[in-house]
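Single-structure report; data block below.
Each reported figure results from applying straightforward, stated rules to the coordinates on display, with no laboratory input. This structure is a prediction, so every number in the text was calculated from the model and none was measured. Glycine gets a Cβ as well: all are built from the backbone with ideal geometry, and neighbour counts include every protein chain shown.
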């Protein structure tokens with residue numbers, strides 16, 4: 001078969017993308033910091049396969065969600081699909097491996113898939129990463145507190161600038177629903193409506209809720225309640241006065257108070273936290289605390305993290321009761337924030353030193369130096385062809401490699417190398433011993 | 001819908017597996033070291049999606065290979081599938097992003113999928129990781145040399161004990177074919193036959209080659225040639241004498257000699273390298289050097305790495321000529337070696353310190369200590385319930401957490417904590433300042 005026959009349009013499957021080195025370098029740095037935070041809080045890594053049996057995947061995301069599961073063409077039918085999120089696989093793992101010691105604090109950083117109409121410009125892909133941390137097996141709000149402290153730790157470590165963690169409680173929303181005289185069955189509509197405030201505005205939400213049977217006076221009351229503002233102590237006080245008759249509501253307030261006290265004890269600055277009664281999170285499965293966070297300077301980028309307590313989902317595969325609380329860290333959005341803040345150098349290379357090849361006769365000398373630099377842990381590239389030095393320097397320039405070493409017969413005769421610092425355009429001759437200590441000094445982080 | 005209705009058999013899709021924390025901790029340590037080696041050699045990370053258009057994937061692996069591609073049920077037909085390896089996606093990327101600066105030295109650590117009959121006991125899965133490093137755009141054997149130096153570096157860093165990198169050259173095999181008077185068309189059969197020596201033995205290979213038209217005298221000659229043994233200088237000398245009439249063969253010998261000389265210059269110990277004429281590698285696409293490596297103490301585990309030069313594959317999507325050389329690092333097999341050598345602690349936790357909760361009144365004190373330990377970078381867990389200390393200690397024991405901190409009213413009154421070292425069963429009271437420096441001392445790596 002001739003080469004011409006094989007020519008194929010080289011393109012990505014729609015809604016997927018490559019992470020080229022400039023993006024991967026940034027992502028790896030981020031993931032390393034996030035992983036470090038997870039482990040400092042005692043979380044352990046887990047990975048589950050991309051492929052799952054369809055009966056494991058379906059029935060958890062609602063009819064609309066099930067349609068978004070990619071199914072395999074397998075033995076003439078569909079028995080397997082690609083995972084939709086990291087939560088259902090966690091539920092499967094907890095039931096299947098029932099010797100897992102509780103509390104199980106796991107983190108998981110893997111891609112998930114959605115058979116969706118992709119909107120690449122808006123950042124909606126068919127294949128994207130999720131980065132989750134969850135604590136399974138703990139009812140106590142101490143676990144919720146730790147998840148919020150973890151989020152604060154991660155966003156601080158990533159140096160994304162000022163951020164705000166907004167916190168609410170499904171039980172407070174229940175209390176509000178009760179105080180409005182609405183039946184329990186209307187709670188999901190209420191939450192979904194509130195969740196859309198950011199997107200469609202107060203009039204849009206009123207219209208939607210109106211269609212679902214919410215009367216005007218009820219909605220006026222609702223939006224008045226949600227507009228409670230102030231420090232968390234003030235909000236708690238006002239809420240307590242309003243929700244006096246709702247046992248559930250008061251319980252939610254108590255839990256949040258407890259959490260805020262504990263976070264203060266843990267030295268989390270209170271200005272990074274806010275009670276936000278408008279926060280509802282659309283998903284049905286939350287049962288307690290809910291929280292999201294966003295950049296203060298770049299709020300339009302949207303939620304950088306999101307999570308809460310969901311006490312009934314993880315145990316649903318088996319017979320055990322497995323309360324759980326956790327968060328997702330939005331890798332892609334955080335990368336956007338860092339890029340827009342100019343905090344991330346756009347680099348195609350991680351190399352610190354390029355060792356050039358002066359001519360054919362000097363190849364072995366250059367290899368020796370490269371080996372020695374690598375032995376000392378320097379990220380070192382050897383140029384692979386004895387072409388003109390100008391071309392070799394131009395490669396270092398394109399790749400933003402800060403140091404270039406030249407090793408000609410003159411240098412070798414003196415037992416030295418020429419080191420050029422491209423960041424300042426200076427060059428000097430050094431002997432090999434001094435070279436290492438000079439570079440250690442200049443390249444230490 | 002009642003909970004009973006949702007009960008589902010929690011199980012993995014056949015041929016896939018979960019990586020539970022004990023395995024993930026080991027894998028992450030390995031990957032971190034491998035990534036470090038890649039970057040010290042100037043390689044940069046790349047990731048490509050799981051999903052690719054079928055025309056991109058098919059036609060590269062032969063008919064048998066194409067059958068092993070998982071296809072999606074998508075809009076009533078199959079337009080997309082799951083990637084089969086990391087090489088074809090690299091070829092697509094090189095054509096699609098034609099502004100990539102050459103040489104392109106990329107590493108890629110991602111899962112691939114095969115719609116195969118899985119043999120889980122033999123370690124054959126439908127979903128498994130590949131870990132590849134390749135240099136694209138360099139014809140010079142300097143690149144081959146660097147890949148072999150990289151393999152040596154990685155296996156040394158991973159501390160897998162003694163290992164052997166076996167090296168051969170497709171051009172030497174061509175020379176052998178020529179010297180046996182066989183036509184070029186028989187070369188692939190020859191390579192595939194040699195490649196099976198390990199699996200089916202010399203008689204099995206003779207039978208297969210016989211069926212393909214190889215005569216007995218030819219095969220006797222072949223096996224005599226392949227049995228050349230000795231140091232690489234001896235083997236080179238004998239080969240040169242035998243392949244005098246084959247220009248291709250002599251070129252292969254020269255290239256390998258050059259590579260061995262350079263590796264010696266780079267301080268790679270010669271006893272870790274071996275010319276192995278029996279090494280052929282079954283894949284059709286190799287055009288130059290080929291190499292595999294294995295543990296000397298545990299040879300039955302098989303190849304730990306494998307690779308070579310393939311100058312025609314990467315450019316085949318477009319019109320550019322893109323020579324390439326690279327290697328796969330076999331993560332799973334290396335993990336098996338490390339486990340069998342007892343070099344890997346089987347741990348379910350990375351936590352260094354468990355902070356217990358003495359009773360309800362002491363929760364905030366314990367949180368303070370946990371926060372302070374985390375601020376100093378210690379991997380710290382806080383117990384989430386003020387249950388009996390015995391139960392909290394038993395958790396630390398199960399999770400193999402080395403240090404436990406107890407903080408009761410007595411300790412608090414004195415401004416101290418009790419630190420118990422579970423590895424030696426000793427406990428002492430320390431004040432917070434001393435605690436940090438003591439732990440830094442004990443837990444420094």
Build a GNM of chain A with springs between Cα atoms under 10 Å: which of A:300, A:376, A:232 gets the top mean-square fluctuation?
A:376
Can you name the chain B residue with its Cβ nearest the rotation axis from B to A, and give the distance in Å as a whole number?
B:73, 2
Most mobile of A:403, A:260, A:41 per a Gaussian network model of chain A (Cα springs, under 10 Å)?
A:403
Going from the fewest other Cβ atoms within 10 Å to the most, one would list B:388, B:83 as B:388, B:83
Using a 7 Å Cα-to-Cβ projection, residue A:199 label spacings across copies, nm, ascending:
5.2
What spacing in nm lies between the two simple spin-label points modelled at residue B:229 and residue A:360, each 7 Å away from Cα in the Cβ direction?
3.9 nm
Could you state the angle between the C-alpha long axis of helix A:141-157 and the longest principal axis of the C-alpha atoms of chain A, as a value from 0 to 90 degrees rounded to the nearest 10?
30 degrees
Which distances in nm, rounded to one decimal and ordered from shortest, link the label point of residue A:398 to the equivalent label points in the other identical copies, with labels set 7 Å from Cα toward Cβ?
5.7
Give the angle, between 0 and 90 degrees and rounded to the nearest 10, that separates the Cα long axis of helix A:232-242 from the longest principal axis of the Cα atoms of chain A.
20 degrees
Would you mind telling me which residue in A:263, A:389, A:277 has the biggest mean-square fluctuation in a Gaussian network model of chain A, where springs connect alpha carbons within a distance under 10 angstrom?
A:389
With a ≥ b ≥ c taken as the square roots of the eigenvalues of the C-alpha gyration tensor of region B:117-196, please select rounded if a/c is under 1.5 and otherwise prolate if a/b is larger than b/c or oblate if it is not?
oblate
Between copies, how far apart are the residue A:213 label points? List them in nm, one decimal, shortest first, with each point 7 Å from Cα toward Cβ, please?
8.2
For a footprinting-style exposure proxy, rank B:438, A:84, A:395, B:70 by other Cβ within 10 Å, fewest first.
B:438, A:395, A:84, B:70
Cα centroid separation - region B:105-131 against region A:256-332, whole Å
36 Å
Can you give me the angle between helix B:216-226 and the longest principal axis of chain B, using Cα atoms only, in degrees from 0 to 90, rounded to the nearest 10?
50 degrees
Run the helix sum for chain B: -39,500 (n - 2.57) per DSSP H stretch of 4+ residues, divided by residue count, reported at 222 nm to the nearest 500 deg cm²/dmol.
-12500 deg cm²/dmol
Cut-off is 10 Å between beta-carbons; in what order do A:37, B:394, A:444 appear when sorted fewest neighbours first?
A:444, B:394, A:37
